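The values are calculated or read from the model by the stated rules, or taken from the named source; none is laboratory data. What you are looking at is a predicted structure, and each value in this text was computed from that prediction instead of being measured. Cβ placement follows ideal geometry from the backbone for every residue including glycine, while neighbour counts extend to all protein chains displayed. Keep in mind that these areas ignore ligands, DNA and RNA; they rest on the heavy atoms of the full protein, side chains included. Shrake-Rupley method; radii C 1.70, N 1.55, O 1.52, S 1.80 Å.
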Amino acid sequence: SYETVTGASIDNLAPDTPSSLEGDFENGEVSLSWSPSAENDFSIYNIYRQTELYASTQESTFIDSELPNIPLLGYSVSSIDINGNESVQSDILSVLIYIDGDLNEDYELNILDVVIMMEYILGNVELDDIQYADINSDGAVDILDVVMLVSLIINQNGM
């Protein structure tokens, strides 16, 4: 005797976890990249910032330009397939955030940063790293950097 049987296959297998997550901070943005998914049923990537779902993209790159006022951000990425199965999140990548001109490291540009820069130029204070003070990246901290910092502060405050 022959019996007819019907059924359905349900895809409940999560895709592979994204690998090779890299990122850096430059010009006020965090740029992330990772190895693209090789899954046939790949749909999107979820990007997590500080362990919270932050964004989704179909690309294997992402630029975060809306940064919170904290010095160290943690990012991870997961893959989602067309059936909604989500992979395990990648290892967390920590990215150090800094702002050019923020010499007192309060994550704001203000008159205190101008004072510190002038005190450095006059030789009254030392800076651990002039990278943040050398706004025009010419290898020296001088009055042009002060002018650029004042301009950044004015633009930031909508004046």
| task | Hey, can you tell me all the residues within the range 114-147 that are in a helix (DSSP H, G or I), in contact with a helix residue (DSSP H, G or I) (Cβ under 6 Å, 6 or more places away or on another chain) and under 26 Å from Val30 (Cβ atoms)? | result | Met117
| task | Among the residues of the range 104-148, write down those that are within 21 Å of the chain's Cα centre (by Cα) and modelled with pLDDT of 85 or more. | result | Leu109, Ile135
| remark: Matching residues in the range 83-103 (touching a strand residue (DSSP E or B) at 6+ places or on another chain (Cβ under 8 Å), in contact (Cβ under 8 Å) with a residue 60 or more places away in the chain, over 30 Å from Leu149 (Cα atoms) and part of a loop (DSSP other than H, G, I, E, B)) number 5
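Conditions tested, residue by residue: (1) open to solvent by 60 Å² or more (accessible area, probe 1.4 Å); (2) over 25 Å from Asp129 (Cα atoms).
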{"site": "Phe25", "(1), (2)": "no, no"}
{"site": "Arg49", "(1), (2)": "no, yes"}
{"site": "Phe62", "(1), (2)": "no, yes"}
{"site": "Leu67", "(1), (2)": "no, no"}
{"site": "Tyr75", "(1), (2)": "no, yes"}
{"site": "Asp91", "(1), (2)": "yes, yes"}
